[in-house]
Amino acid sequence: MKFTPLALLTLTLPSSTTSLLLSSAPAGTPSQVHTSYISPTSVAVSWTARPSTPCIKPVVNFGDDEIVDAVTENYDGSDDSMYSAVLDKLIPGETYSYTVGCSDYSTYSTDDFSFTVAPPEDDTSGFEFIAFGDMGVSAAAKAATANMAKDVDGKDFIFHNGDISYACGKDDVWDTWFDQVQPLQQNNIYMTSPGNHDLLPSDSAGENGIPYTKRFKMPQQYLPDDPEDAVLYYSWVHKYVTMVVLSTDTDYFEGTPQYKWLEETLATVRTPWTIVAGHKNLYCSSTYGNNERSPDGTRGNAGSLTNSLEPLFDKYNVDVFLGGHIHAYERTYPVNTNGTFTDHDSVSVNEDGVEVYTNPSATTYLVLGMAGAGHLGEEWPEPEWSAQHFEEYGYARFEFTNSSAMKMEFVANGNEDDMGDGPIVRDSMWIVKD
Ligand SMILES: *[C@@H]1O[C@H](CO)[C@@H](O)[C@H](O)[C@H]1NC(C)=O
Ligand SMILES: *[C@@H]1O[C@H](CO)[C@@H](O)[C@H](O)[C@H]1NC(C)=O
């Protein structure tokens, strides 16, 4: 390759614009630029330099000519050069523009990248975010991404609930995926949870969470050889909402570190709202695989998740759980006690025909595994607690209009084969609390 004339070289590369641009890009040209919350006053910036020529001095420039050195995040099996830096002493709620690059080659990002630090707890104004899981690089994933790219302006953050690229050991799929979602990451914080295809030795084809932790920087990260002992769960406070993110393929049984951390976190919530998220579901009515809530002690089984975690959700009044894993969308009514109590009394229908849950006495579960990974073709028995399900591609949009009202919409790709003449709002709900 090295000695191939440029004209031939470009012909042999995939005919995407990105590849053509990168083939002539100077050493260390940044791509895959993304950001995440680390603390109320710090944000991580991560990127990849392609062509992969190691930078001696990778840096982030932001604010008032501040320069922060980045660290190299390479791993075996990837020929990318990846970097990340944590910018601290930031002002909550403030927007910063920044560039990243290699100061040794003077190659910097030229696009207009920015992030906004998590807003302070006493800010009672409304906010919006986007959430989904199970994306990958399929045509449906690209269509969902294109719809999100038109919708992302004004969203505080994007939450990707596991099963991110489905690279499963093919590292160039991470590159394809990052190029696909760059419009979502350019000006928005991108938060993640680990899914089984990111973390579990078999389901990730040996990635074992390494690309996940090298490529995404979340508030707590510790990845030992055994992913069962990983610390990939974290929380942050976003105005009047506490967001709690679990790792549902790391042990969560009573007495485990994750369980203890979850109980401590839920017991000390100061905000009126608590949203918990994790890749696998406590409630999803699909019959697929180990998704049933049967009393199975295996980690990742919906029965063991419900048995272990539902008592905590109940005790500490978790409002909403965001799941993924099943490649579909489902919304429950407020439900607890292993599906034997459904709070229908809290449900009414507003003038737009949308169901409103007013002061619900139990947690509402959303399955958001619909961002592009192939449909599983299972059955949906429609138990009493299931309000709606669609085996369609798309994403979920959340809007808190104020500290007592949250709207959620499932924005589907659109037409029958799901490749998108949409977007179409397929389902909506409100949760309203005094
Ligand atoms: C929970 O509900 C499921 C499905 O109805 C049932 O199979 C299971 O036995 C229940 N678990 C317990 C602990 O009662
Ligand atoms: C909060 O927003 C909801 C929905 O827009 C609205 O009905 C309600 O009046 C608002 N509450 C307050 C206290 O502003």
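The values are calculated or read from the model by the stated rules, or taken from the named source; none is laboratory data. For clarity, every value in this text was computed on a predicted model and none was experimentally measured. When we count neighbours, we look across all protein chains shown, and the Cβ atoms used for this are built from the backbone with ideal geometry, even at glycine. Areas reflect the complete protein model, heavy atoms only, side chains present, ligands, DNA and RNA absent. Shrake-Rupley method; radii C 1.70, N 1.55, O 1.52, S 1.80 Å.
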Scan segment 43-71 residue by residue and report those that are β-branched (Val, Ile, Thr) and modelled with pLDDT of 95 or more.
VAL43, VAL45, VAL59, VAL60, ILE67, VAL68, VAL71
GLU330 meets each of (1) farther than 24 Å from GLY206 by Cα; (2) surrounded by fewer than 24 Cβ atoms within 10 Å (Cβ to Cβ); (3) not β-branched (Val, Ile, Thr) with one exception, condition (2)
Tell me whether segment 355-370 contains one or more residues that are among the β-branched types (Val, Ile, Thr), within 16 Å of ligand 1 (Cβ to nearest atom) and in contact (Cβ under 8 Å) with a residue 40 or more places away in the chain.
yes
Selection count where residues are open to solvent by 30 Å² or more (accessible area, probe 1.4 Å) and either assigned to a strand (DSSP E or B) or closer than 14 Å to ALA167 by Cα (or both), scope segment 215-242
4
Which count do you get for residues in segment 334-374 that are within 24 Å of GLY136 (Cβ to Cβ) and surrounded by fewer than 16 Cβ atoms within 10 Å (Cβ to Cβ)?
1
Restricting attention to segment 140-197, the residues that are assigned to a helix (DSSP H, G or I), of a type in the set (A, V, I, L, M, F, W, C) and open to solvent by 10 Å² or more (accessible area, probe 1.4 Å) number exactly 4
Exclusive hit being of a type in the set (S, T, N, Q) and within 25 Å of the chain's Cα centre (by Cα), set THR364, THR342, THR358, THR337
THR364
Can LEU262 be described as closer than 22 Å to THR358 by Cα, in contact with a Phe, Trp or Tyr (Cβ under 9 Å, 6 or more places away or on another chain) and either small (Gly, Ala, Ser) or part of a helix (DSSP H, G or I) (or both)?
no
Collect the residues in segment 91-110 that are under 23 Å from the mean Cα position of the chain (by Cα) and either basic (Lys, Arg) or in a loop (DSSP other than H, G, I, E, B) (or both), keeping them in residue-number order.
PRO92, GLY93, GLU94
Number of positions in segment 363-382 that are in a loop (DSSP other than H, G, I, E, B) and touching a helix residue (DSSP H, G or I) at 6+ places or on another chain (Cβ under 7 Å)
2
Name the residue that is nearest to ligand 2 (Cβ to nearest atom), counting only residues in segment 383-394 that are assigned to a loop (DSSP other than H, G, I, E, B) and closer than 20 Å to GLU409 by Cα.
TRP385
In segment 333-357, the residues that are part of a strand (DSSP E or B) and among the polar types (S, T, N, Q)
ASN336, THR342, SER348
